[in-house]
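**Q** Following this message is one structure expressed as structure tokens.
What follows draws every value from the coordinates through simple rules; no lab data is involved. Being a predicted model, the structure only gives us computed values, none of them experimental. A quick note on method: Cβ atoms are made from the backbone with ideal geometry, for glycine too, and the neighbour counts reach across all protein chains shown.
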Amino acid sequence: MSRAAVCRREAASDRARARAGEELRLVIVGYIRPERNFDSLDALVARIHEDAAATREALRSPRLAAAAADAFLQPAPAAGAANGLSAC
């Protein structure tokens, strides 16, 4: 494995650890394509990039842009904010 690949893997692991314990809010608002098998890793990676581009384009549509403003998808108040306590 190349040094760059190891560094990318470690950086991804660091990001995952930094997110541990955080709240994630998710709403499924669309469907990209059915599940499928790929003949090679390169074909899979290429399709992931295509899917990401299609997703970015869809998220710019008025219908989905409005969904992003839904209160459910807004950041949750900090712990204790509702009762005046510090989040520290």
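**Q** For residue 57 and residue 72 in one chain, what is 0.36 nm times their gap in residues minus the Cα-Cα distance, to one decimal in nm?
**A** Length gained, residue 57 through residue 72: 3.2 nm.
**Q** For a protection proxy built on the mean count of beta-carbon atoms within 10 angstrom, sort 53-64, 32-43 highest first, please.
**A** 53-64, 32-43
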